[in-house]
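The values are calculated or read from the model by the stated rules, or taken from the named source; none is laboratory data. Please read all numbers here as calculations on a predicted model, not as lab measurements. In this analysis, Cβ positions are derived from the backbone assuming ideal geometry, glycine residues included, and neighbour counts consider all displayed protein chains. To get the accessible areas, we keep the full protein, side chains included, count just its heavy atoms, and leave off ligands, DNA and RNA. Shrake-Rupley method; radii C 1.70, N 1.55, O 1.52, S 1.80 Å.
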Amino acid sequence: MTVTLNLDAATTDSYTRRTLSDISLAVAKSKKIVVVTGAGISCSCGIPDFRSSDGLYALVKERYPDVVMKGRDLFDASLFRDPTSTAVFYTFISGLKRSIDGANPSPTHHFLKTLDNKKKLLRSYTQNIDGLEDRVGLLGSSCQEAKSSGKGKTKLRTKDVRNVQLHGDIHRVRCVACSADYPCTEEYLSCFEQGTPPDCPECLSRSEARVARSARATRVGSLRPGIVLYDETHPLGDDIGAIHSADLGRKPDLLVIMGTSLKVHGLKKLVKDFARTIHSNASNAASSSKKPFKVIFVNKTAPSSEWSDIIDYHVAGETDAWSNNLIEDWKKMRPADWEIQQTLVGDDSDQPVINGGLKAIKSIASGSSIAKPRKPFAGRENIAPLPMPSEPDDLPAHSKTKAPPLSPSKRRQKASHYDDLESSPSKRQAKSEHVRAMPAGERKTLFSEKINVKSSQPQSNDVFGDADRSKMDISLCDLSIKEVETSKMDVSVLDLSMLDVESIIKEQPPPKPSRKVKPKPSETKRKPLTRSRSTTEKRVTRRTGAVAS
């Protein structure tokens with residue numbers, strides 16, 4: 001059963017005042033609030049109504065005195081069947097658009113933005129076409145910024161949409177032929193005011209391009225206001241259905257309905273789905289004697305009897321007054337939610353700038369008191385390390401500092417794997433010093449002097465000539481007289497130069513005779529197969545004996 005609370009009686013009735021405070025506290029504690037709004041939240045914005053003496057119906061009657069149309073007929077899709085009713089509709093929409101352009105958002109619109117700033121608004125669903133929610137900062141589903149730029153099936157960026165416009169937006173126009181979408185400019189508005197729709201620029205350019213290449217001209221569609229009429233399909237119906245299903249799965253905890261009479265079938269289904277989900281997710285901590293604050297209905301008129309088991313509380317009054325009272329109670333009961341953290345930011349002129357809002361500031365010491373050291377050679381993984389400054393050799397080994405090692409995956413590989421200092425003993429290069437090697441002063445340098453040059457002094461026939469010989473004239477006898485320890489197998493030409501070659505040859509043993517290679521059996525000639533004579537005679541004898549018998 002729905003409980004009705006009169007907002008004006010809150011000053012005199014203690015029960016009403018206490019219950020309204022409990023509703024305000026429930027809103028403040030909730031984290032996923034779904035709000036459904038209607039035309040009642042825009043009545044205080046300066047938009048004229050339809051039925052007053054200076055309303056929009058009077059404007060249409062003055063322009064078309066012979067036309068008799070009801071209010072609902074101006075928002076029915078069947079009006080496009082008649083040119084006269086279509087012209088009346090365009091004139092009516094142009095006047096409504098100009099009155100909306102001069103309107104300002106109401107306190108209820110700012111209340112919705114407050115819920116969004118406090119991270120408590122799950123989504124807002126509205127029947128209004130004025131787009132005032134977008135002015136306070138709630139991105140609408142019909143806005144150009146909400147359109148998806150990808151090639152997927154979805155036309156909206158559902159995560160960024162904060163306000164779902166169930167009946168479209170009067171600030172947009174679309175083509176009846178190609179469904180192209182454009183903003184409603186002053187040029188289009190002037191055409192609507194005269195009762196004639198403007199041509200679609202997309203269709204017009206396509207048709208002109210076909211005529212230019214001698215092709216048949218196509219139909220040029222006309223623009224109409226981007227609102228959804230009765231008995232008309234929503235252009236973004238699939239995306240809105242996806243948003244509705246996603247919000248049901250996120251388990252909302254509170255539903256607020258404001259400024260609507262709940263007469264439209266689609267809106268009724270949406271509200272019932274959210275109310276059923278919220279009631280099923282309600283916790284058992286609430287007292288059984290007190291009705292839970294889960295579905296709140298704020299409107300001047302009471303809901304019909306079909307909502308008695310769905311709506312928990314009905315607040316009879318203006319939506320702006322209820323929103324202001326709720327904000328005041330919220331600030332009194334939970335002042336911590338309204339604390340504003342101000343940050344002083346110094347700019348180049350050394351003037352402090354105050355940034356308001358609930359902005360989380362991360363302290364430097366909040367994470368860790370010790371700053372993480374920077375990685376050595378940061379940003380230079382693929383560049384060879386810079387050469388380290390040379391240190392004096394007289395320092396002890398333990399005092400010589402070494403560059404910090406890199407990570408194993410980034411470690412610079414050595415030019416040689418056989419390093420004498422860090423390699424294993426089995427891979428170290430063996431340094432063998434030559435025993436009794438030739439002194440450096442007596443060594444001959446190759447290609448340092450000219451050869452085949454006649455000397456001024458007569459050369460001696462002595463094998464051991466003087467030191468004035470060419471450095472290239474290094475005979476074998478010079479090397480043979482040096483005391484060089486050689487192994488038994490190191491019999492080089494220099495040893496043969498001092499011996500008698502003929503004596504060495506005589507001492508060598510005679511060569512052994514080579515073995516004859518027998519031919520393989522396959523290489524021998526195969527004898528023809530011949531049968532022995534005795535065997536043939538035996539066979540002939542057997543045959544003759546058998547015939548005789």
Exercise for review: Beyond 18 Å between alpha-carbons counts as too far, so tell me which of K120/K251; K97/K263; K70/K97; K119/K300 fall in that bin.
Suggested key: K97/K263; K70/K97; K119/K300
Practice item. At 7 Å along the Cα-to-beta-carbon direction for both L25 and L139, put a label point, then send me their distance in nm to one decimal. Key: 3.7 nm
Practice item. Would you mind putting 32-41, 191-200, 219-228, 305-314 in packing order, based on average other-beta-carbon counts within 10 Å, highest first? Key: 32-41, 219-228, 191-200, 305-314
Point to revise | Cβ-Cβ FRET estimate between A212 and E187, R0 fixed at 30 Å, reported to 0.05 | key: 0.75
Review point. Accessible area of D253, 1.4 Å probe, to the nearest 10 Å²?
Key: 40 Å²
Exercise for review: Mind running the shape call on segment 137-178? Use the C-alpha gyration tensor, a ≥ b ≥ c as the square roots of the eigenvalues: rounded below 1.5 for a/c, prolate if a/b tops b/c, oblate otherwise.
Suggested key: oblate
Study note, to complete from the structure: FRET efficiency (A9, K155; Cβ distance; R0 30 Å; to 0.05) is 0.05
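Pull out a ≥ b ≥ c, the square roots of the eigenvalues of the alpha-carbon gyration tensor of segment 72-211, then state rounded if a/c is under 1.5, prolate if not and a/b is larger than b/c, and oblate in the remaining case.
Taking the square roots of the gyration eigenvalues as a ≥ b ≥ c, segment 72-211 is oblate.
For E306, what charge total do you get from the other residues with a beta carbon under 10 Å from its beta carbon, if Lys and Arg give +1 and Asp and Glu give -1?
Cβ neighbours under 10 Å give a net charge of +1.
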Practice item. Determine the shape class of segment 79-160: with a ≥ b ≥ c the square roots of the Cα gyration tensor eigenvalues, call it rounded for a/c under 1.5, and otherwise prolate if a/b is greater than b/c, oblate otherwise. Key: oblate
Practice item. Grab the Cα-Cα distance for K119 and N281, subtract it from 0.36 nm times how many residues apart they are, and report the gain in nm with one decimal. Key: 56.3 nm
Check your understanding: Within the set K31/K113; K147/K272; K118/K294, which residue pairs have Cα atoms separated by over 22 Å?
Key -> K147/K272
Practice item. Please work out how much length the chain gains when fully extended from E62 to R18, using 0.36 nm per residue of separation minus the C-alpha to C-alpha distance, in nm with one decimal. Key: 10.8 nm
